[in-house]
Amino acid sequence: MNRAKDGLVNRSPLKEKPLRNPGQSVRRALMDIVFDKLMAPLLLVTVAIAVVVMEWIRYFFPLKAMPWLPTALGLAALGYFAFQYRRFQPQIRALKLAEEGEKAVGQFLEGLREKGYQVFHDIISDDFNVDHVLIGPAGVFTIETKTRSKPQRGKAQIDFDGETLKVGGYAPDRDPIVQALAQATWLKRLLTDSTGKAVPVRPVVLFPGWFINDSRQNKRDLWVLEPKALSIWLGNEKAVLAPDEVAMASQHLSRYVRFQERLLDQAS
């Protein structure tokens with residue numbers, strides 16, 4: 001059978017690409033560091049070591065060899081790789097931790113589907129991404145996951161008074177509250193423009209494994225939680241979206257995600 005003639009070559013059986021996975025943007029950033037920053041020095045080290053080995057082999061044969069220069073080059077290449085690795089190791093470690101956190105939260109959120117929620121992961125925009133989005137009876141929620149290493153000593157506690165958020169007693173470099181509010185505003189505008197109906201969106205910030213000390217009186221407009229508490233908070237909310245409204249909002253968001261994926265494919 002002539003597969004090319006029958007049109008069976010290079011055709012995917014999937015009509016639509018699957019939606020994005022938890023931590024997909026983080027994984028891409030991690031791979032960018034590994035391939036763009038570390039692969040070149042590692043390749044240089046490999047070549048230098050190969051030359052060194054060849055020269056030392058020649059050294060023990062009748063032909064006189066000069067292994068000292070390639071040895072010096074090999075050591076220099078190894079030093080360069082070690083410098084690059086040490087330079088980017090903290091960023092790599094942070095990205096790996098962030099990816100693991102987003103995957104763990106994503107798996108937890110998948111369990112909410114049986115309660116009528118649609119779950120989306122890693123929604124990308126022009127200059128940021130939303131880790132997760134929930135659309136269900138209690139409304140629409142953007143979820144920013146912040147996975148932080150716990151301190152070796154002291155209590156792993158998040159303190160939030162409505163203005164300042166501290167992680168283990170220290171303010172983070174990037175304020176997750178500002179991020180969460182901006183993401184919710186962006187998604188609200190996107191869904192409202194797309195559906196033609198006002199769609200309220202509430203921001204949620206999750207800190208896996210940390211104790212949350214939220215001293216605010218009014219916590220309704222912004223939730224700062226440990227992931228295990230999310231289902232309880234959702235269960236305490238009144239239903240504000242009917243099943244058809246959940247389906248409509250989910251359809252429009254799915255359409256946006258797939259459009260962004262096509263743009264990424266064209267750019268790559």
3J(HN,Hα) from dihedral phi, segment 235-249, Karplus parametrisation 6.51/-1.76/1.60, rounded to Hz, x for glycine, proline: x, 7, 8, 6, 6, 10, 10, 6, x, 5, 6, 4, 5, 5, 4
Top of T147, T71, T195 by mean-square fluctuation, Gaussian network on the chain, Cα under 10 Å: T71
Members of K37/K103; K103/K238; K150/K228; K155/K219 lying beyond 20 Å, as alpha-carbon distances in this model show: K37/K103; K103/K238; K155/K219
Separation of the S194 and S254 label points, Cα + 7 Å toward Cβ, nm: 1.1
Charge dipole of segment 24-267 about the Cα centre (unit charges at C-beta), most positive-ward option of L43, M248, F259: L43
Candidates E226, E163, E245, ranked by Gaussian network fluctuation over the chain, Cα under 10 Å, top entry: E163
Antiparallel bridges, percent of DSSP beta bridges restricted to segment 24-267 (to nearest 5): 55
Structure-derived Rg and Dmax of the Cα atoms in Å - corresponding label in [x] 24.9, 92; [y] 21.0, 71; [z] 25.3, 87: [z]
Gain in span if fully extended, N236 to A40, counting 0.36 nm per residue against the direct Cα distance: 65.2 nm
Cleavage-rule hits, trypsin sites (Lys or Arg not before Pro), segment 123-162, DSSP coil, Cβ neighbours within 10 Å at most 10: R153
Pairwise label distance in nanometres, A171 with A50, each label 7 Å out on the Cα-Cβ vector: 5.3
Helical contribution to [θ] at 222 nm, DSSP H n ≥ 4, -39,500 (n - 2.57), averaged over the chain, rounded to 500: -16500 deg cm²/dmol
Inter-label distance for A229 and R113, nm, one decimal - labels placed 7 Å from Cα along Cα-to-Cβ: 2.8
Given charges at beta-carbon only (K, R positive; D, E negative), |dipole| of the chain in Debye: 600
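We did not get these values from a lab; they are worked out from the coordinates using the rules stated. The structure presented is a predicted model; accordingly, all values stated were derived computationally and were not measured. As a convention, Cβ positions derive from the backbone with ideal geometry for all residues, glycine included, and neighbour counts pool all protein chains shown.
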